[in-house]
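Trainee: This is the structure I want to talk about, given as structure tokens.
The values are calculated or read from the model by the stated rules, or taken from the named source; none is laboratory data. Keep in mind that what you see is a predicted model, and the values were worked out from it rather than measured. In this analysis, Cβ positions are derived from the backbone assuming ideal geometry, glycine residues included, and neighbour counts consider all displayed protein chains. Areas reflect the complete protein model, heavy atoms only, side chains present, ligands, DNA and RNA absent. Shrake-Rupley method; radii C 1.70, N 1.55, O 1.52, S 1.80 Å.
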Amino acid sequence: LDLSGRLQDCTAPDDVVAAMARSAAELLGRSFVWYPARGDARSLGALAAFPFPTGATVADERTVALRALANGSPAGASTEAFGSAAGLYLPVGPTAAPRGVAGILPAADLSPEQLKLWRSVCGLAALALDRVAALRAREEAAVRAREERTRADLLRSISHDLRTPLTSISGNADVLLDAGAAL
């Protein structure tokens, strides 16, 4: 419940990741690592490590995280895929387009309840990341709409500024054509 409240206040993906790291430390007493998905969601960005306790060593198990991303299922400790790894890695987000891979270290001695709790944390984080992405998309759409209104206003202004002198010139030309000889 506390995590859900913290995630509601997040306005950027980094805020969501920090909330996940805090949950890993507070709920499980574990280090947390995050690999953001890049572009086509088939490659991973730079590792963000959150050691617990502070100063602890965190292994970079990118290969295991890539396996979790590629298969859309957990990999690492307590799984059949890379079971000898130090951490447990879960893809976060929809299977078709995950946002990244979350890992907790060490993961070898997690209880079934702790595993369920961690899966719940990852599920809540996925929803929060989707909400943040939707918020950004909505803000970008609003900016595009404002730019379009500004462009339309500018065109109307230019059109008006051109029509006003053209009307006067056109009227004078008609007068010259009709009464040019008399003038």
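Trainee: Only one of these is within 18 Å of the chain's Cα centre (by Cα) and modelled with pLDDT under 90: GLY72, GLY55, GLY93, GLY100. Name it. Show your work before the answer.
Mentor: Working: GLY72 fails: within 18 Å of the chain's Cα centre (by Cα); GLY55 fails: within 18 Å of the chain's Cα centre (by Cα); GLY100 fails: modelled with pLDDT under 90.
Of GLY72, GLY55, GLY93, GLY100, the one residue that is within 18 Å of the chain's Cα centre (by Cα) and modelled with pLDDT under 90 is GLY93.
Trainee: Let me ask something else about it. So the check is Cβ under 9 Å with 6+ separation or different chains; which pairs have a first residue in the range 169-183 that's on the phi < 0 side of the Ramachandran plot and a second one that's assigned to a loop (DSSP other than H, G, I, E, B)?
Mentor: Listed pairs, sorted by first residue: VAL175/LEU183; LEU176/LEU183.
Trainee: Select, from LEU176, LEU124, the only residue that is open to solvent by 50 Å² or more (accessible area, probe 1.4 Å), touching a helix residue (DSSP H, G or I) at 6+ places or on another chain (Cβ under 7 Å) and assigned to a helix (DSSP H, G or I).
Mentor: Values: LEU176 fails: touching a helix residue (DSSP H, G or I) at 6+ places or on another chain (Cβ under 7 Å).
Answer to the check: LEU124.
Trainee: I've got another one for you. For the range 128-137, state whether one or more residues are open to solvent by less than 50 Å² (accessible area, probe 1.4 Å), in contact with a strand residue (DSSP E or B) (Cβ under 8 Å, 6 or more places away or on another chain) and either among the β-branched types (Val, Ile, Thr) or under 30 Å from PRO36 (Cβ atoms) (or both).
Mentor: Yes, the conditions are met somewhere in the range 128-137.
Trainee: Return yes or no: is ALA142 hydrophobic (A, V, I, L, M, F, W, C), surrounded by 10 or more Cβ atoms within 10 Å (Cβ to Cβ) and touching a Cys at 6+ places or on another chain (Cβ under 6 Å)? Let's see the steps before the verdict.
Mentor: Working: hydrophobic (A, V, I, L, M, F, W, C): yes; surrounded by 10 or more Cβ atoms within 10 Å (Cβ to Cβ): yes; touching a Cys at 6+ places or on another chain (Cβ under 6 Å): no.
Answer is no for this residue.
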